[in-house]
Amino acid sequence: MAIAADSTAEQAPNPAPHEPSYEPRKDPYQPDRGEDNEVDFDEEEEDDAEELDGSAARAAYKEKVDALFRRLSTEPVGIRVHNVTVRGNFKTRGSLIEAEVADLLRSAGTVQGLLRASSHATALLRRLDVFDSVSITLDAGPPEFPGTANVIIQVVEAARPYNRGIFFFPKKEAISWPVEGWFMLKNLFGYGDMWDVSGEYGWDQSSRIEIGVYLPRLKSIPTPLTARASILSEDWLKFSSYKERRLGLKFGLLSTWRHNLSYDLAWRALTDPSQMASESIRRQLGHNLLSALSYAYKIDKRDSEFRPTKGYAFVSTSQVGGLWKNGLRFFRQEFDVRGAVPFGFCNAALNVGISAGVILPLSRGFMELSSPVPARFYLGGLSSPVCSLGGLSSLLGFKTRGVGPSEPRRSVPGKSVTVDAAASTGRDYLGGDLAISAFADLSFDLPLKLLRDNGIHGHAFLCAGNLAKLSEGEFKNFSFPEFRRTFRSSAGVGIVFPTSLFRMELNYCHILKKHEHDHGKSGIQFSFSLE
């Protein structure tokens, strides 16, 4: 008897999600000579079944199958994997497939365990994103090796070995709507490798070009490896009076379900074409080297990224800069905690979250030094706080980099003011060395069935956050009562429109508390978040 664990809907009319389906590979009216290796049947019963024909043979076979599944449901049935065979991999290396799942399959000691391992192996192979379908069939082993099974992995390689796309989308810290496009080649050399080129251009002349490669496995290294080269240009003249140019490399060293370790090496230049930057910004202009090691730990038990109704999530991100002698030396730490609680009516759920971050220079007398401006924390922006797991949540109602410590720009006597920065508030937002943000979001279904069927729902939210400067001796003036008193906050209601690419919100935001130089106002606001 053969048992198949298939990932496609064709394997069974209505397979249960993530469960293997059961399907005889031979004519059901002909007994499989290997069945006695999987489950021990009485030899006299087998002889009787061979003598029967017609309806009696069918009834005997059905009884034998029923007995098999009764035994599988009541007690462990021992088994050992004799052989693993891969079929359909015309381009993909068989060694890659076996390295991904062979040990997992061979570790199973019972039929039930082998079925679970087959389901898990199917998910692992589909996660490579180079196959259109994956099916795993369990067949009886050779007669001379009783109690064994052969595992047959059947794959169908992707008919289109590339992907591409282009769209407009406002990012969390983007000043304008950039145009982004990408092109990806899959499985170019048969190792599950992904090669991609992406580019981005914003109307504020910000741009980004990246080239990257992803390897799910390299020889005996069990973790995926990545490498990316990028050229980045960002324009922050409007809010912080500087432009950033960066040429860099990024290497992914470790990537698992919960752990991620990467290394960044970049040459960065900050310039001020307006010549109006504040004193704090002018001190950081020029070239510098970024050499940083980043580690992230993530747990996400929520039932959805776009509309969580239950579960929790936690992310911790640490970054140490200055691995090279002449590089920027700093330590940056972020925490993000989320939770979702269902209410049991109207599909209502309360999402709450709190995020905190701190950045400190690393050197002798570090509290008197300045932290890098681009690495500091900023609040504001257009991203939904519900979806921004992994960093400070957005402060809806406030502009990008529109909250926190600021300094007046210098004026240049006799100079014609035509740069966009001069048309802004006349202050540079410096970001914070210490940041805390929190939110509460109540989501609920709307009364119209048409809206519910398309996932469109309502929500009410409350956001709060604050920034403080600790470097350059400012820690001496810091006090928690004052930090708590100066929290900014906003509240509002809105409608959420989920799509296949992103989550869009149409909100009315009301500013509850802001300070003199904060850049925010009450009114209608669109919010966007990618998956």
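The values are calculated or read from the model by the stated rules, or taken from the named source; none is laboratory data. All values derive from a computational prediction rather than experimental measurement. With ideal geometry, Cβ positions are generated from the backbone for all residues, glycine too; neighbour counts draw on all protein chains shown. Each accessible area value is taken on the protein alone, full model and side chains, heavy atoms only, with ligands, DNA and RNA left out. Shrake-Rupley method; radii C 1.70, N 1.55, O 1.52, S 1.80 Å.
Residues in the range 357-378: is at least one touching a residue at least 40 places away in the same chain (Cβ under 8 Å) and within 19 Å of the chain's Cα centre (by Cα)? So far as the range 357-378 goes, no, none of its residues is touching a residue at least 40 places away in the same chain (Cβ under 8 Å) and within 19 Å of the chain's Cα centre (by Cα).
Among the candidates Leu225, Leu232, Leu215, Leu254, single out the residue that is out of contact with any helix residue (DSSP H, G or I) (no Cβ under 7 Å at 6 or more places or on another chain) and either closer than 26 Å to Gly432 by Cα or open to solvent by 70 Å² or more (accessible area, probe 1.4 Å) (or both).
Details: Leu225 fails: either closer than 26 Å to Gly432 by Cα or open to solvent by 70 Å² or more (accessible area, probe 1.4 Å) (or both); Leu215 fails: either closer than 26 Å to Gly432 by Cα or open to solvent by 70 Å² or more (accessible area, probe 1.4 Å) (or both); Leu254 fails: either closer than 26 Å to Gly432 by Cα or open to solvent by 70 Å² or more (accessible area, probe 1.4 Å) (or both).
None of the others qualify; the one that does is Leu232.
Within the range 459-487, residues that are more than 27 Å from Met504 (Cα to Cα) reach partners that are assigned to a helix (DSSP H, G or I) with beta carbons closer than 7 Å, at six or more positions or on different chains, in the pairs Ala468/Phe483; Ser471/Met367; Glu472/Glu368; Gly473/Met367; Gly473/Glu368; Phe475/Met367. Of the strands (runs of 3 or more DSSP E) lying entirely inside the range 313-409, those carrying at least 1 residues that are of a type in the set (Lys, Arg) and open to solvent by 40 Å² or more (accessible area, probe 1.4 Å) are 330-342.
Output yes when any residue across the range 125-134 is surrounded by fewer than 24 Cβ atoms within 10 Å (Cβ to Cβ), touching a Pro at 6+ places or on another chain (Cβ under 6 Å) and modelled with pLDDT under 90, and no when none is. Checked the range 125-134: at least one residue is surrounded by fewer than 24 Cβ atoms within 10 Å (Cβ to Cβ), touching a Pro at 6+ places or on another chain (Cβ under 6 Å) and modelled with pLDDT under 90. Restricting Arg71, Arg80 to those that are open to solvent by less than 90 Å² (accessible area, probe 1.4 Å), within 26 Å of Glu144 (Cβ to Cβ) and among the basic types (Lys, Arg) reduces the list to Arg71. Checked across the range 267-289, the condition of being under 25 Å from Leu128 (Cβ atoms) and either among the aromatic types (Phe, Trp, Tyr) or at pLDDT 95 or above (or both) holds for no residue.
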